[in-house]
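The structure appears below as structure tokens.
The values are calculated or read from the model by the stated rules, or taken from the named source; none is laboratory data. Bear in mind the structure is a predicted one, so any value in this text is a computation, not a measurement. Glycine gets a Cβ as well: all are built from the backbone with ideal geometry, and neighbour counts include every protein chain shown.
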Amino acid sequence: MNSVQLIGRLTKDLDLKYTSTGKAVATGTIAVNRRFKNAQGESEADFINIQIWDKAAENLANFTRKGSQIGVNGRIQTRNYENKEGQRVYVTEIVVENFTLIEKKSDNAPQSQQRQAPKQSDRYDDPFRGPGESISISDSDLPF
């Protein structure tokens, strides 16, 4: 069984990209607090790489920003590649299958600081672009 559940805060805005076939993928890092304190009595955190695909990637990138607290469910994946120097590099990350927004949008940041959705291309009109504009979202668009 390969199952992971974490709650943490994004260390920066997610990096949303699209594959050559138009598939969305977002990557980032979440800081997850440890349950115990170090010898100096300070809290420590682990910084865990995450990766999420498809519509869920677009939704998570559009509705979060640096500092957003999220919960993720997924699996651990290890992959490797050869870098420019010819060295083998191993990457371990969480492939997110489901996520939960822990904070309400208003708890996370003032409206004027909310991140606008990235635009993939002129392939479609992005309804999340304009701040303050009403949008219509069906239940099938929501990741939760």
* Does the range 11-33 include one or more residues that are loosely packed, with under 14 Cβ neighbours inside 10 Å, over 16 Å from the mean Cα position of the chain (by Cα) and closer than 18 Å to I102 by Cβ? -> yes
* Condition met for R75 (in contact with a helix residue (DSSP H, G or I) (Cβ under 9 Å, 6 or more places away or on another chain), basic (K, R) and either within 13 Å of L14 (Cα to Cα) or at pLDDT 95 or above (or both)) -> no
* Tally time: how many residues in the range 43-64 are acidic (D, E) and not in a helix (DSSP H, G or I)? -> 2
* Which condition breaks for F63 when tested against (1) under 17 Å from E93 (Cα atoms); (2) within 12 Å of the chain's Cα centre (by Cα); (3) modelled with pLDDT under 95? -> (1)
* Which one of these is in contact (Cβ under 8 Å) with a residue 40 or more places away in the chain, touching a Pro at 6+ places or on another chain (Cβ under 7 Å) and within 20 Å of T92 (Cα to Cα): L16, L10? -> L16
* Structure fact -> Residue hits (the range 65-78; surrounded by 11 or more Cβ atoms within 10 Å (Cβ to Cβ) and either of a type in the set (S, T, Y) or assigned to a strand (DSSP E or B) (or both)) are S68, Q69, I70, G71, V72, N73, G74, R75, I76, Q77
* Residues of the range 34-60 satisfying the condition of being within 18 Å of the chain's Cα centre (by Cα) and not hydrophobic (A, V, I, L, M, F, W, C) -> D46, N49, Q51, D54, K55, E58, N59
